Amino acid sequence: MSSLKEKINNDLKDAMRAKNEVMLSVLRMLLSAVKAREISLRKGEDVILDDAQIIEVIRSEVKKRNDSVLSYEQGGRADLAAKEKSEIKILEKYLPPSLSDEDAEKIIREEIGDEKDFGKAMGKVMPRLKGKADGGKISELVRKVLSKN
């Protein structure tokens with residue numbers, strides 16, 4: 001079992017002992033999402049996700065909640081938006097720190113060189129930045145760098 005999955009399981013047990021319902025709910029959902037990803041990748045034999053794959057699952061869950069927050073705020077449901085935000089905070093504890101915009105932009109400049117095509121630039125940049133920064137933010141920074149070239 002990966003060390004990140006072990007940490008999530010241990011935190012789940014601690015949440016049970018502390019009777020922290022929100023934390024318990026979020027961690028159960030997260031473990032369920034990880035299990036679902038393992039099942040979807042299965043081709044005959046069992047698959048166990050490594051830490052990088054679990055981080056992808058967590059990022060996906062955070063993105064879903066960010067989208068929900070936006071929808072709830074537009075719909076005037078501040079109570080549900082607040083609930084989603086609290087879940088995001090819990091999930092973000094399991095993510096590595098993101099790169100700063102300046103660091104990401106420096107890497108983007110190194111990778112794309114004199115490239116002018118957005119799609120090709122993203123193809124060069126994503127392998128290096130995947131998991132280190134939000135995809136939307138990377139896209140925004142690539143557009144910014146390309147506009148300066």
- Whole-Hz ³J(HN,Hα) from phi, Karplus 6.51 cos²θ - 1.76 cosθ + 1.60, for region 51-57, glycine and proline x: 4, 4, 5, 5, 4, 4, 4
- Cα-based Rg and Dmax for the chain, where Dmax is the largest Cα-Cα distance (Å): 18.2, 56
- Item | Unit charges at the beta carbon, dipole of the chain: most positive-side option, Pro96, Ile107, Asn10 | Asn10
- Item | Inverse of mean 1/r across different Cα pairs in region 101-148, Kirkwood, Å | 10.2
- Query: Short version: ³J(HN,Hα) in whole Hz for each residue of region 66-82, in order, from phi by Karplus 6.51 cos²θ - 1.76 cosθ + 1.60 (θ = phi - 60°), x for Gly and Pro, what are they?
  - Reply: 4, 4, 5, 4, 4, 5, 5, 5, 5, x, x, 10, 4, 5, 6, 4, 5
- Tilt relative to the chain, helix 101-112 - C-alpha long axis, 0 to 90 degrees, to 10: 50
- Apply 1/(1 + (r/R0)^6) to the Cβ-Cβ distance of Lys144 and Asp14, taking R0 = 35 Å, and write down the FRET efficiency to the nearest 0.05. 0.25
- What residue among Ser32, Asn20, Ser68 has its Cα farthest toward the positive end of the dipole of region 3-92, where the charges are +1 on Lys, Arg and -1 on Asp, Glu, each on the Cβ? Asn20
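Give, in nm to one decimal, the length gained when the segment between Lys132 and Ala52 is fully stretched (0.36 nm per residue of separation minus the Cα-Cα distance). Don't skip to the end; give the middle numbers.
On the way: separation 80, 0.36 × 80 = 28.80 nm, distance 1.05 nm.
Gain on stretching Lys132 to Ala52: 27.7 nm.
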- Message: Can you compute 3J(HN,Hα) from phi for each residue in region 133-141, using the Karplus curve 6.51 cos²θ - 1.76 cosθ + 1.60 with θ = phi - 60°, rounded to whole Hz and x for Gly and Pro?
- Response: 8, 5, x, x, 5, 4, 4, 4, 5
- In this model, which of Lys7/Lys132; Lys5/Lys64; Lys35/Lys93; Lys19/Lys137; Lys116/Lys137 are farther than 30 Å apart at the alpha-carbon? Lys19/Lys137
- Cβ charges +1 (Lys, Arg) and -1 (Asp, Glu), total dipole of region 3-92, debye: 180
- Message: Based on alpha-carbon centroids, what's the gap between region 95-144 and region 32-56 in Å, whole number please?
- Response: 26
- Between Ser3 and Lys106, with labels modelled 7 Å along Cα→Cβ, what's the label distance in nm to one decimal, could you check? 2.5
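We did not get these values from a lab; they are worked out from the coordinates using the rules stated. All values derive from a computational prediction rather than experimental measurement. Heads up, the Cβs are rebuilt from the backbone with ideal geometry, glycines too, and the neighbour counts pull from every protein chain shown.
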